[in-house]
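Colleague: Right, I'll just put the structure down here and ask away after.
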Amino acid sequence: MQQTLVWKPRHTPGVETLRLTQDARGIHASSHLMQAVRGNSIVANYLLDCDPQWSARRLWLKVDNQGPRSLSLQRDRLGNWLLDGEPRSDLHGCQQIVLSCSPFTHTPTLQRCALQVGQSETLQVAYVDMLGLKVEARQQHYRCLQRRAGEHLYRSQIEGLASEELSVDAQALLLNTSDHYLRMSQREFRVCSLV
């Protein structure tokens, strides 16, 4: 299965276009985004691979903000992480990768958790600050608030950041967040890009 998803930030200029592919080998996301982040403009490309159970395996990220920089983050089957080929023992126990400026990175966690209404889960994630390319272990908490046909509502909080409400579709792909992102249809995106 392949699909293309488009999100835009609610309050700043920008867009993320992501191509998602699922097959017997796993889940593969390829994204291009442009955003204004804390007064800085960034352009980024990333490739994120997960196994068939949505566990993060590998991230390649390139960010251009006053010059291009990149990183590679890999996780083996034992849960050991490598950042640009160097061991990162502080990330051991992290189960997912969260990118600070991408609404897609909620999806693998929500797919793996499969929470019912009232249930919650806290897990360790490898959090990547896309502006500074800093990678650190953080706590991520999700609570399922509501499930209805075609849309589920969650409260999310990443350690050190304010909580937010997430609305996702039946595949746990973000529809919108309370303050940050809104998913656009392909038709809306084409109309906006022609203006």
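Colleague: Based on Cα coordinates alone, diagonalise the gyration tensor for region 1-62, multiply each eigenvalue by 5, take square roots, and list the semi-axes in whole Å, largest first.
Modeller: 25, 13, 8
Colleague: Based on the Cβ-Cβ distance of Glu136 and Asp169, what FRET efficiency does E = 1/(1 + (r/R0)^6) give at R0 = 25 Å, to the nearest 0.05?
Modeller: Once the sixth-power term is evaluated, E becomes 0.25.
Colleague: Which residue, chosen from Cys113, Leu20, Gly93, occupies the Cα position most advanced towards the positive end of the dipole of the chain, where the dipole is computed from +1 (Lys, Arg) and -1 (Asp, Glu) charges on Cβ about the Cα centre?
Modeller: Looking along the dipole axis, the top candidate is Leu20.
Colleague: If contacts are Cα pairs under 8 angstrom and at least 6 residues apart, what is the relative contact order of the chain in percent?
Modeller: Across the chain, relative contact order equals 15 percent.
Colleague: Starting from one equal scatterer on each C-alpha and no solvent at all, send me the Debye-based log10 I(q)/I(0) for region 121-182 at q = 0.17 Å⁻¹, two decimals.
Modeller: So the normalised log intensities work out to -0.64.
Colleague: Using only the alpha-carbon atoms of the chain, report the extent along each of the three principal axes, biggest first, to the nearest angstrom.
Modeller: Principal extents (largest minus smallest coordinate, Cα): 47, 45, 36 Å.
A short reminder: the numbers here are calculations on the coordinates, not readings from a lab. Model, not experiment: these values are computed from the prediction. Note: ideal-geometry Cβ built from the backbone for every residue, glycine included; neighbour counts use all protein chains shown.
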